[in-house]
Amino acid sequence: MFVLFEEAGKYLGGRVLSEAEASAQVELDTGKRVKVKGANIVLRFEKPSPADLIAEARDLAAGMDLDLAWEFAPEGEFGFAELAAEYFSEKPSLAQQAAALFALFEAPHYFRRAGKGRFKKAPAEIVQQALAAIEKKKAIQAQIAEWAAQLAEGVCPAPVREQLYKILFRPDKNAPEYKAVVEAARATQRPPLDLLERAGAIDSPYQFHWRRFLFENFPKGTGFPALAAPAIADDLPRAEGVQAFSIDDSQTTEIDDALSVQGLSTGTVTVGIHIAAPALALTPGSPIDNVARARMSTVYMPGYKITMLPDEVVDTYTLLEGGDRPAVSLYARFDEATLELQGTETKLERVPIAANLRHDQLDTVVTQQWLEDATFNADGTPEAAARMRAPLSFLFRLAKQLKAQREVVRGKPESFNRPDYNFRLVGNDGAEPTGSEQVQISTRQRGAPLDLIVSEAMILANSSWGGWLGELGVPALYRSQASLAPGIKVRMGTRALPHAGLGVKSYAWSTSPLRRYTDLVNQWQIIAAARHGKTAALAAPFKPKDADLFSILSGFDAAYTAYNAYQGGMERFWTLKYLQQQGISELEATVIKDMPNGALVRADTLPLVFPVAGQQERGARLRVKLGEIDEIALDVSGTVLERLDAPKAGEAAAEEEGDDGEEEVVAGPIAIAVDLNDSEAAPEEKTPA
């Protein structure tokens, strides 16, 4: 005797070997023996063989009209044999009964299961909905196949183009556009980026990176709503005797900070660090604050920037020369001979801004010799720099002293082994780049005199205000580093903790409130401290353990990381473009990291990190031949031509240590979120990473 039975959602047939009251031992066609519950057996028969019966029944079931079967099916619960009698004939054959069973079982949108071999008709409205869904799915599958075929032929369908960045970086893996890209990539065995580029989905490499960044960070665009900058209501006193000056690049419009020096040749010199004071006018939760909080920071990239605040708001509070500008000022008094700090004081005031000095116009003039030797005269010294020579000379002397004092706390000197690279897009003039501009890359050695003056003044202000707020119990947004041990990175928090990399007891970013939201938040807290002293914790906008402060910290950390990564990526893009424009095919580079089957190297004269084939000693200097440049993937690799030297490993390790514990952003090839790992057509294929 043979039986047809249900097992794990499938119908199988076999020969009965033995049978008990509630079960039977059945041998399948494969020879496997299974124990089958009696309740799972739906048909018993002597012939034909189970395989023949199932094959004939499958053919009959495939030809059944399910709409007609639904019409013929009895109301209420029924068995498959009853439907077979209604659909086929009054006395259906064994194969017809099995066909009815298979058809009922495999059409849940028409028939609900009510037990082993038992069913109920689905309501008519449910059937219609299910049929519509099935037809829709078929149409979608057909659309996916059509789009995939177009992509494979080098044509990009409009819906795929419109969803390009979502497909690549934040995909809905059930979306037909995504599935079409995956199907086409599998069929052509091309990486998705290459496939889409060949199909014309990407207008240009530059626009690809730019629109991807906007998609991820500015989905509503970079424009500002109409906002009016409120006036500062405070009747601020004028800083008498102060002639402040700022030091920035010529492209800088958000002039946050300025310096002043008073009391030269009197024995006590007062250095003023004056910070633009938007927090005197803006309030937390105001429309302008909401805009700043949404952006968290100005975004910088070669030739362009996205400001945190609208130009009209920046212009209202920036420290532009030629007038008295509202500022939060830190005055630090020093012994003129020993440079010992005698005390600090914070004031809210209007500060006369005498000059806006510019790095690019002064770096070749304001040298160490010019600052330290009053008899030395440099040709072409700008009048503004000449007027500020004495204050600048004192500030340079002070900066060297402050740096030396921090290095004692650090336990070792700061080193500036690599230069800063400046990018200039010829003819760009601040407009949104197209990606075709001629790029110029220049260097400025870290620790140049003007850099040192500004950086030490800002460290003094940020550490002094951070410590002061900590003493008053006023929470702020701090940056700290527990030690200089390997792997200990800078972290953000709301407590005044030491920053080992800088060698200070605490450090709260406060000197860039026009371009960094953390600094604006901290300025609100500093203003409360200046106005209320010991009771500032009660009056400050953000109270101890304020959940909103933690939310700001988290949001800033995420945004700042994303912005830095984009800046690094665009600097890499323009560096690759520079290589192409200059026809550079070989570089000298230094090995910075071991990699499987190769090494990671840093170009000696350009801001470029890339892999080379073959194991190399860390720190070794190499001459490398560059391979093909991929502007979309931001990828390039190299082949070692020769080794130039073999430095000691210890020296190499020291060179690559971060001086202040900040993580260096090393931009590399981009990663996409299209997953082809389950493709049988290209099991070894990987998308660019």
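The values are calculated or read from the model by the stated rules, or taken from the named source; none is laboratory data. Since we're looking at a predicted model, the values are computed, not measured. Methodologically, a virtual Cβ is constructed for each residue, glycine included, from the backbone with ideal geometry; neighbour enumeration extends over all protein chains shown. Side chains are part of the model used for accessible areas, which takes the heavy atoms of the whole protein and leaves out ligands, DNA and RNA. Shrake-Rupley method; radii C 1.70, N 1.55, O 1.52, S 1.80 Å.
Some notes on this structure:
- In the stretch 236-252, of all residues being open to solvent by less than 50 Å² (accessible area, probe 1.4 Å) and among the polar types (S, T, N, Q), the one that is modelled with the lowest pLDDT corresponds to SER250.
- Taken over the stretch 608-638, the criterion of being part of a loop (DSSP other than H, G, I, E, B), open to solvent by less than 40 Å² (accessible area, probe 1.4 Å), within 29 Å of ILE202 (Cα to Cα) and touching a strand residue (DSSP E or B) at 6+ places or on another chain (Cβ under 6 Å) is satisfied by VAL636 alone.
- Residue that is farthest from VAL454 (Cα to Cα), among those in the stretch 275-289 that are open to solvent by less than 10 Å² (accessible area, probe 1.4 Å) and not in a helix (DSSP H, G or I): LEU282
- Residue check, LEU398 open to solvent by less than 60 Å² (accessible area, probe 1.4 Å), out of contact with any strand residue (DSSP E or B) (no Cβ under 8 Å at 6 or more places or on another chain) and part of a helix (DSSP H, G or I): no
- Hey, SER463 open to solvent by less than 20 Å² (accessible area, probe 1.4 Å) and either free of Cβ contacts under 8 Å to residues at least 24 places away in the same chain or within 22 Å of VAL408 (Cβ to Cβ) (or both) or not: no
- Residues within the stretch 466-508 that are open to solvent by 30 Å² or more (accessible area, probe 1.4 Å) and either over 30 Å from LEU320 (Cβ atoms) or modelled with pLDDT under 95 (or both), tallied: 20
- Restricted to helices (runs of 4 or more DSSP H) entirely inside the stretch 30-112, those with at least 3 residues that are over 30 Å from ALA124 (Cβ atoms) and open to solvent by 50 Å² or more (accessible area, probe 1.4 Å) are 50-62.
- Residue pairs whose Cβ atoms lie under 8 Å apart, separated by 6 or more positions or on different chains, with the first residue in the stretch 427-449 and in contact (Cβ under 8 Å) with a residue 24 or more places away in the chain and acidic (Asp, Glu) and the second surrounded by 17 or more Cβ atoms within 10 Å (Cβ to Cβ) and part of a strand (DSSP E or B), are GLU437/LEU425.
The rows are residues; the columns are (1) surrounded by fewer than 17 Cβ atoms within 10 Å (Cβ to Cβ); (2) assigned to a loop (DSSP other than H, G, I, E, B); (3) acidic (Asp, Glu).
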residue: MET308; (1), (2), (3): no, yes, no
residue: THR316; (1), (2), (3): no, no, no
residue: PRO326; (1), (2), (3): no, no, no
residue: GLU349; (1), (2), (3): no, no, yes
residue: ASN356; (1), (2), (3): no, no, no
residue: GLN361; (1), (2), (3): yes, no, no
residue: LEU371; (1), (2), (3): no, no, no
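- The criterion of being open to solvent by less than 30 Å² (accessible area, probe 1.4 Å), of a type outside the set (Ser, Thr, Tyr), under 26 Å from SER455 (Cβ atoms) and touching an Asp or Glu at 6+ places or on another chain (Cβ under 8 Å) holds for GLY263.
- Test for GLY221: is it within 25 Å of PRO513 (Cα to Cα), buried (at least 21 other Cβ atoms within 10 Å of the Cβ) and out of contact with any Asp or Glu (no Cβ under 9 Å at 6 or more places or on another chain): no
- Residue check, ILE255 open to solvent by less than 10 Å² (accessible area, probe 1.4 Å) and in a strand (DSSP E or B): no
- Set ALA133, ALA152: member being surrounded by 14 or more Cβ atoms within 10 Å (Cβ to Cβ), free of Cβ contacts under 8 Å to residues at least 60 places away in the same chain and not basic (Lys, Arg): ALA152
- Hits in the stretch 565-594 - residues which are outside any strand (DSSP E or B) and of a type in the set (S, T, N, Q): GLN567, THR575, GLN580, GLN581, GLN582, SER585
- When GLN207 is tested against (1) part of a loop (DSSP other than H, G, I, E, B); (2) farther than 30 Å from HIS109 by Cα; (3) touching a residue at least 12 places away in the same chain (Cβ under 8 Å); (4) open to solvent by 20 Å² or more (accessible area, probe 1.4 Å), exactly one condition is not met: (1).
- GLN580 satisfies every condition listed in (1) closer than 27 Å to VAL299 by Cβ; (2) polar (S, T, N, Q); (3) crowded, with 19+ Cβ neighbours inside 10 Å except (3).
- Residue match in the stretch 329-339 (condition: at pLDDT below 95, open to solvent by less than 50 Å² (accessible area, probe 1.4 Å) and part of a strand (DSSP E or B)): no
- Across the stretch 170-182, not a single residue is classified as over 30 Å from GLU75 (Cα atoms), among the small types (Gly, Ala, Ser), more than 24 Å from the chain's Cα centre (by Cα) and open to solvent by 60 Å² or more (accessible area, probe 1.4 Å).
- Residue in the stretch 548-560 that is open to solvent by 50 Å² or more (accessible area, probe 1.4 Å), β-branched (Val, Ile, Thr) and out of contact with any strand residue (DSSP E or B) (no Cβ under 6 Å at 6 or more places or on another chain) present: no
- PHE423 being open to solvent by 60 Å² or more (accessible area, probe 1.4 Å) and among the hydrophobic types (A, V, I, L, M, F, W, C): no
- Check on ARG515, of a type in the set (D, E, K, R), crowded, with 23+ Cβ neighbours inside 10 Å and out of contact with any His (no Cβ under 9 Å at 6 or more places or on another chain): yes
Yes/no per residue for (1) part of a loop (DSSP other than H, G, I, E, B); (2) over 22 Å from THR364 (Cα atoms); (3) touching a Cys at 6+ places or on another chain (Cβ under 7 Å):
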position: PRO219; (1), (2), (3): yes, yes, no
position: PRO225; (1), (2), (3): yes, yes, no
position: ALA229; (1), (2), (3): yes, yes, no
position: ASP235; (1), (2), (3): yes, yes, no
position: VAL242; (1), (2), (3): yes, yes, no
position: LEU259; (1), (2), (3): no, no, no
position: ILE273; (1), (2), (3): no, yes, no
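- Lone qualifier among ALA228, ALA185, ALA292, ALA233 - being open to solvent by less than 10 Å² (accessible area, probe 1.4 Å), closer than 30 Å to VAL351 by Cα and not β-branched (Val, Ile, Thr): ALA292
- Filtered by the rule that a residue be of a type in the set (Asp, Glu) and assigned to a helix (DSSP H, G or I), the stretch 184-203 gives ASP194, GLU197.
Condition check ((1) at pLDDT below 60; (2) hydroxyl-bearing (Ser, Thr, Tyr); (3) within 30 Å of PRO192 (Cα to Cα)) across all residues:
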site: GLU617; (1), (2), (3): no, no, no
site: ALA620; (1), (2), (3): no, no, no
site: VAL636; (1), (2), (3): no, no, yes
site: VAL640; (1), (2), (3): no, no, yes
site: LEU644; (1), (2), (3): no, no, no
site: PRO647; (1), (2), (3): yes, no, no
site: GLU656; (1), (2), (3): yes, no, no
site: ASP678; (1), (2), (3): yes, no, yes
site: GLU684; (1), (2), (3): yes, no, yes
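- Hey, ASP548 within 18 Å of ILE288 (Cα to Cα) and at pLDDT 95 or above or not: no
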